[in-house]
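Undergrad: My questions will all concern the structure given below.
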Amino acid sequence: MTVHVWSKGGVGVDLLIRGARAVDPQHELDQVVDVLVRKGRIAEVGGGLEATGRTRVVEADGKLLLPGFVDLHTHLRTPGREDEEDLTTASAAAAAGGYVAVFGMANTEPVVDSAPVLEGLAQRAAAEATVPTGFFAAVSKDLAGGQLTEMHELAEAGAVGFSDDGVPLATAQLLRRALQYAKVTDRFVAVHAQDDSLMGSGVMHEGAVSAKLGLGGIPAIAESADVARALEVARYEDGRLHLCHVSTELSLEHLARARELGLAVTAEATPHHLTLTDEKVYSLDSNLKMNPPLRPAGDRAALVMALKSGLIDCVATDHAPHAQQEKEVPFEAAPFGTTGLETAFAALHTGLVLSKELSLALLVERMSAAPARIAGIPSPSIASGAPADLCLVDPKERWTVIAADLHSRSTNSAWLGESLRGRVVLTVAAGRVVFERA
Ligand SMILES: [Zn+2]
Ligand SMILES: [Zn+2]
């Protein structure tokens, strides 16, 4: 039962990318080289390569050539909310962000809780997605927290893992049984950790900023208490657990202990939690309302340290498109979520690499090989013989995020108006050029 990704396919490209600084930490590669792609596969990596026949040459002096990124946590909004995103626009956004594979969460309408729904989506992805797209299946029917889905069938249909993300798992018993079944199907359970009783009707992080604004707070323990519970259950069942969008230092303490105990737990952090803090919410811009919420500087710094040490395995966007009219309401009333695919690399490059908090090579590992490993798909790689899953970045380009430039159908980006440095200029996914900046 292998994990599947689906895309339109097509003829593999012939391409010579000349003179880029290629950075692929898997091969300890960081040097200026030429990369020759033939029929969608990397044929040669070296110096002084020449193009033959109709091979297109891309002069890439001063650019970075990276293994393409993998997103373990995307909300594709399809089926059901195609007004917010569909597989075509999600692919376009992913490609513009340098992604070569994305995995959609199951909280769609209908929920991806049966093999026929998953198979229907797979068919659509095979017809519409330019970037290889895979899918999570729900843990519980209709995300209702009661009956488990047919996990064996869903794994057979190619689901990458199981998650009720969007809502927390209702009970520890549900997680326990999900971990038992997931193990049999060689899959993991991805958890949106949240204790609803502590979450209450909070709309932002509970702290000094929420107090000043007079907004209902979401305490850090609303996340960490549920993280602790999930880890306790995973320890008892020896199950494979993945923690979605970890955002607090308290959660990291639990995670560190679980690692010491040798648990099979992995974790992700989002670009917004890694680069922004709750001080941004003073603007009352509803695009800065997400769940888990933006946290104070101390939590952000702890997350970055954890990403660096590997305690947090990977970056995941939690790309969450919302219709404009839904976000154009007072902060308290707006839905949670920001888009993220198109800005992830630029935000992290600007916020962490240029500020010297994280090396470029580590960022690349955390956005590409690490999430691929968790998903169970081959890691994008700059090596001869590998499929061409690449992105080319102009590290010097300074750009301002504006709605009109975004490829997603929704424009609720936390970075609107922000000036970022580093921009994806070309993406090759599964051997085909899926994005090229004009
Ligand atoms: Zn979530
Ligand atoms: Zn999510």
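The values are calculated or read from the model by the stated rules, or taken from the named source; none is laboratory data. Here the structure is a predicted model, which means the values were calculated and not measured. Here the Cβ positions follow ideal geometry from the backbone for every residue, glycine too, while neighbour counts run over all protein chains shown. Ligands, DNA and RNA are stripped out before the accessible areas are found, and what is left, the full protein with its side chains, is counted by its heavy atoms. Shrake-Rupley method; radii C 1.70, N 1.55, O 1.52, S 1.80 Å.
Undergrad: Find the relative contact order for region 68-377 and round it to a whole percent, using C-alpha pairs within less than 8 Å whose residues are 6+ positions apart.
TA: Working: 656 pairs, mean separation 53.2, N = 310.
With pairs under 8 Å counted, the relative contact order is 17 percent.
Undergrad: Oh, and also: Sort region 31-98 into rounded, prolate or oblate with this rule: let a ≥ b ≥ c be the square roots of the eigenvalues of the Cα gyration tensor; rounded if a/c is under 1.5, and if a/c is not under 1.5, prolate when a/b is larger than b/c, oblate otherwise. All intermediate terms of the calculation are to be shown ahead of the outcome.
TA: Details: a/c = 3.31, a/b = 2.51, b/c = 1.32.
Cα axes put region 31-98 in the prolate bin.
Undergrad: As a test of reading the structure, rank 38, 398, 409 by solvent-accessible area (1.4 Å probe, protein chains only), most first. Mind showing how you got there, number by number?
TA: On the way: 38 130, 398 155, 409 105 Å².
Accessible-area ranking of 38, 398, 409, largest first: 398, 38, 409.
Undergrad: Radius of gyration and Dmax for the chain's Cα atoms, expressed in Å?
TA: Over the chain's Cα set, Rg and Dmax evaluate to 20.6, 66 Å.
Undergrad: Can you tell me which aspartates and glutamates have their Cα less than 16 Å from the Cα of residue 141? Leave out same-chain residues fewer than eight positions away.
TA: Output for residue 141: 109, 113, 150, 153, 164, 165.
Undergrad: Ok, one more. Carbon and sulfur: what percent of region 68-377's accessible surface (1.4 Å probe)? Don't skip to the end; give the middle numbers.
TA: Values: 5300 of 10150 Å².
Here carbon and sulfur together make up 52 percent of the probe-accessible area.
Undergrad: While we're here: Rounded, prolate or oblate for region 11-163? Axes are the square roots of the Cα gyration tensor eigenvalues, ordered a ≥ b ≥ c, and the cut-off for rounded is a/c under 1.5.
TA: It is prolate, given that a/c is not under 1.5 and a/b is the larger ratio.
Undergrad: Output the pairs from 8/308; 308/396; 39/308 with a Cα-Cα distance over 31 Å in this structure; if there are none, say none. Each step should come with its number before you reach the end.
TA: Details: 8/308 35 Å; 308/396 23 Å; 39/308 36 Å.
Pairs exceeding 31 Å: 8/308; 39/308.
Undergrad: I've got another one for you. Using 0.36 nm times the number of residues separating residue 150 and residue 400, minus their current alpha carbon distance, what extension gain do you get? Present the calculation step by step, with values, prior to reporting the outcome.
TA: Details: separation 250, 0.36 × 250 = 90.00 nm, distance 4.54 nm.
Contour length minus Cα-Cα distance gives 85.5 nm.
Undergrad: What value, in deg cm²/dmol to 500, does the helix sum -39500 (n - 2.57) over DSSP H runs of n ≥ 4 give at 222 nm once divided by the residues of the chain?
TA: It comes out at -8000 deg cm²/dmol, rounded to the nearest 500.
Undergrad: In terms of solvent-accessible area of protein heavy atoms at a 1.4 angstrom probe, what is the ranking of 73, 152, highest value first?
TA: Details: 73 0, 152 95 Å².
Descending accessible area places them as 152, 73.
Undergrad: Something else: With a 1.4 Å probe and all protein chains left in place, how much accessible area per residue does region 336-414 have, in Å²? Provide the component values of the computation, followed by the final result.
TA: Working: 2580 Å² over 79 residues.
Value for region 336-414: 33 Å² per residue.
Undergrad: Describe numerically, in nm with one decimal, the distance between label points set 7 Å from Cα along Cα→Cβ at residue 173 and at residue 123.
TA: 3.8
Undergrad: Can you put 1, 105 in order of accessible area, largest first, using a 1.4 Å probe? Working shown, then result.
TA: On the way: 1 95, 105 5 Å².
Ranked from most to least accessible, the order is 1, 105.
Undergrad: Which three semi-axes in whole Å describe the equivalent ellipsoid of region 340-389, each the square root of 5 times a Cα gyration tensor eigenvalue, listed largest first? Please list the in-between numbers first.
TA: Details: eigenvalues 101, 29, 22 Å².
That gives 22, 12, 10 Å for the three semi-axes.
Undergrad: Report, ordered by chain and residue number, the aspartates and glutamates lying within cross-link reach of residue 327, taken as a straight Cα distance under 13 Å and ignoring same-chain residues fewer than 8 apart.
TA: 84, 285
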